[in-house]
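Just so it is clear, none of the values below were taken in a lab; they were calculated from the coordinates. On a predicted model such as this, the values are computed, not experimentally measured, just so you know. Cβ: placed from backbone, ideal geometry, glycine included. Neighbour counts: every protein chain shown.
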Amino acid sequence: MQLIISLSALLLSVMLVQMGIGALRPFDSISGAVLGFTSVDIGLVASGHFVGFLVGCLIGPKLVFRAGHSRAFAIFTACGVISIIAHTIYADAYYWTIARIFGGFAVAGCYTVIESWLQAKARNKIRARVFSIYRISDFAGQILANSLIGVLTPASYISYNMLAMIMCLALIPLAFTLSKEPALPKTNIFQPFIAYKVSPLATLGVVVAGVSSAAFGSIAPLFAKDLNMSYMEMSYFLTTAVVGGIVVHPPAGFLADHLDRRLVLMVFSVLSTIVCLAIGSGIVDLAAHGYSAQLLFAFLFGISTFPIYSLSAAHANDFAPPNQILNLSASLIFFYALGAIISPIIAGFLIGMQGTLYLFIHISMAHIVLIIFTIARSIARPVSKDDKPYVYYPRTTMFIANIIRVRNLKGKRDKH
């Protein structure tokens with residue numbers, strides 16, 4: 001029981017980090033629009049987060065190894081607070097982009113600490129439960145971060161200070177944790193292109209997941225603004241998309257465990273294309289159908305796009321030897337971040353030229369490429385005979401792969 005309580009403190013810390021930094025993605029878009037930023041400026045600011053996230057994934061484990069878990073978490077949290085408060089000093093898109101790089105670095109680093117701690121402390125007997133709680137914390141942080149949009153005033157000094165306070169609060173649960181700090185983790189040599197060698201399809205899949213998630217998270221508030229949503233309605237709109245992603249994972253996992261994963265991946269990508277093209281082409285006029293239809297669209301968007309990363313990662317793991325799972329996970333996150341870095345800039349340019357509906361044209365084009373490539377790979381490569389159980393893969397850091405790997409190995413032993 002003491003271990004569960006101490007680990008819960010760690011999970012509360014990471015949930016507060018998600019609330020503090022996670023709220024910046026939609027909030028910066030709204031604030032940027034209020035301050036007169038162009039759509040390209042807003043996309044650039046959003047891309048800064050993923051640049052920092054990528055850097056944090058690469059050097060975070062090394063920093064943890066040098067400083068220890070607690071001190072490293074304090075360093076990463078301080079970077080997050082600096083990122084948030086820096087927004088209040090100077091209202092400029094390039095300056096905010098630099099600030100967001102610090103924020104992305106902080107998120108990746110904090111997740112590295114927590115996931116490393118969980119990996120070291122969670123016994124096999126309770127590992128599945130700890131992992132489930134971790135997933136719930138990940139989702140809860142996203143939902144609460146989006147909910148903050150409804151109560152914060154855009155481009156406000158006070159609002160950014162409130163987010164910084166939430167980020168500071170993340171230090172308290174970890175500081176009071178009853179769990180002894182684990183031994184320093186070993187760091188592996190990063191192999192960025194191993195994912196492409198193992199599965200080109202999975203690599204493209206996580207890139208498309210990054211394109212979809214980053215573009216929607218950063219540009220969707222501008223789309224909602226064009227639909228005359230209030231800030232509270234925007235928060236519900238964004239939260240509904242996350243809820244759609246939550247509820248779809250169990251059925252997606254069931255299908256992926258019983259059918260060719262490539263077929264399931266293609267089905268979800270087709271659904272995403274249909275949903276996005278219906279809106280982006282103007283066939284479905286959300287402005288005319290009212291707020292309920294807008295929430296339904298957000299829900300369908302979450303259902304169709306959110307499983308893409310996990311389906312792609314599961315497909316890649318089918319072809320990877322056990323000793324490469326950790327490196328593969330890091331490589332997949334690397335490609336996800338690449339997609340997330342370029343996507344908001346492209347989306348910002350498109351909506352600046354053609355309007356916010358082109359956000360969904362942008363996302364649908366990425367999924368069409370994935371569909372075509374999935375068909376080609378299905379012809380070129382036979383189905384894997386060693387399908388591993390489908391699990392939800394949070395897009396956090398490489399450490400979560402080891403948690404998943406140990407859990408799956410235990411499940412296999414239990415069956416024998």
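One chain, two ends: Ile82 and Ala287. Fully extended at 0.36 nm per residue, the span grows by 69.9 nm beyond their Cα-Cα distance. Quick check on segment 165-247: take the gyration tensor over C-alpha atoms, sort the square-rooted eigenvalues as a ≥ b ≥ c, and tell me if it's rounded (a/c under 1.5), prolate or oblate. Oblate shape, in that a/c is at least 1.5 and b/c is the bigger or equal ratio. FRET efficiency for the Val34 to Ala376 pair, using the beta carbon distance and R₀ = 51 Å, is estimated at 0.70. As a proxy for reagent exposure, ranking Phe349, Phe268, Phe27 by other Cβ atoms within 10 Å from fewest up yields Phe349, Phe268, Phe27. Taking label positions 7 Å along the Cα-Cβ direction at both Leu227 and Tyr94, the computed distance is 3.5 nm, reported to one decimal.
Listed from fewest to most Cβ neighbours within 10 Å, the set Tyr160, Tyr95, Tyr358 follows the order Tyr95, Tyr358, Tyr160.
Sorted ascending by nearby beta carbons within 10 Å, beginning with the fewest, His87, His49, His249 become His249, His87, His49.
Put simply, when 150-157, 239-246, 312-319 are sorted by average Cβ atoms within 10 angstrom per residue, most first, you get 312-319, 239-246, 150-157. What shape does segment 1-184 have by the C-alpha gyration tensor, where a ≥ b ≥ c are the square roots of the eigenvalues, rounded means a/c under 1.5, and otherwise prolate means a/b greater than b/c and oblate the rest? Prolate shape, in that a/c is at least 1.5 and a/b is the bigger ratio.
Enter the Cα centre distance for the pair segment 134-211 and segment 298-358, rounded to the nearest angstrom. With segment 134-211 and segment 298-358 each reduced to a Cα centre, they are spaced 15 Å.
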